[in-house]
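Structure first, then comments.
The values are calculated or read from the model by the stated rules, or taken from the named source; none is laboratory data. Please read all numbers here as calculations on a predicted model, not as lab measurements. Don't worry about glycine lacking a Cβ; one is built from the backbone with ideal geometry, like all the others, and counts go over all protein chains shown.
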Amino acid sequence: MSAPARPAPALDEAFRAAARRWTTGVAVVTTRSGEEVFAKTVSSFCTLSLDPLLVSVAVTRHSPLAAAVRGSGRFALSVLTDRQIAAARRFATPGAGRALGEFTAVPMRAEATGAPVLEAALAWFDCRLHGVLPGGDHVLLVGRVAAADAVPGEPLLYHDGQYRTLAHPSPGVGA
């Protein structure tokens, strides 16, 4: 059986343009494997199930982070606040999401599984790896939540290739 044909360049561009219109939150997925810490900015995270408690995140299939999660069996997701744009940019940069020991510029702490969680995150989910599903040039990491927490604050958003924040409507608008 032959491999499926790649979409035409026009469809690729239309897909990318349409996907940029989907506004998402911004999170950092992290794991620890031995003495190494891995981190990657993602916008493809979602809660998946309440029974059992599951979340999912898509990462590039050949990412060192994906291999580290498979090896360690754990990962965490830290939902970023509107004040964490620097962390989002850092971990979106290819090659910047791997460190021997801790990332000194971005404070982290271990939670239930030992996976690092970013300090000052709006919310976080600490997970044991539940499964890995294929998804084209990505894999979907499914995690069973071992611990989670949230604090008040404003989320960091991603829309049309840029980080953004919420604009609060005036009182009475949209109510």
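Would you point out the residue of the stretch 97-115, among those that are of a type in the set (A, V, I, L, M, F, W, C) and in contact (Cβ under 8 Å) with a residue 40 or more places away in the chain, that is nearest to THR30 (Cα to Cα)? Steps first, please.
Residues of the stretch 97-115 of a type in the set (A, V, I, L, M, F, W, C): 99-100, 103, 105-106, 108, 110, 112, 115.
Those still in the list that are in contact (Cβ under 8 Å) with a residue 40 or more places away in the chain too: 99-100, 103, 106, 108, 110, 115.
Numbers: ALA99: 11, LEU100: 13, PHE103: 11, VAL106: 12, MET108: 10, ALA110: 10, ALA115: 7 Å.
Within the stretch 97-115, the match that is nearest to THR30 (Cα to Cα) is ALA115.
Looking at the stretch 125-145 only, could you name the residues that are small (Gly, Ala, Ser) and farther than 12 Å from LEU77 by Cα? Reasoning before the result, please.
Filtering the stretch 125-145 for residues small (Gly, Ala, Ser) gives 131, 135-136, 143.
Result: GLY131, GLY135, GLY136.
Restrict the check to the stretch 38-61 and report whether at least one residue is farther than 21 Å from ARG144 by Cβ and over 15 Å from the mean Cα position of the chain (by Cα). No, every residue in the stretch 38-61 fails to be farther than 21 Å from ARG144 by Cβ and over 15 Å from the mean Cα position of the chain (by Cα).
Of all residues in the stretch 65-103, those being in a helix (DSSP H, G or I) and buried (at least 17 other Cβ atoms within 10 Å of the Cβ) number 10. The condition (being surrounded by 13 or more Cβ atoms within 10 Å (Cβ to Cβ), touching a residue at least 60 places away in the same chain (Cβ under 8 Å) and under 25 Å from ALA17 (Cα atoms)) is satisfied by just one residue among LEU157, LEU141, LEU166, LEU118: LEU157.
With the condition kept exactly as written, say whether any residue in the stretch 58-67 is farther than 24 Å from GLY136 by Cα, polar (S, T, N, Q) and at pLDDT 90 or above. Scanning the stretch 58-67, I find no residue that is farther than 24 Å from GLY136 by Cα, polar (S, T, N, Q) and at pLDDT 90 or above, so the answer is no.
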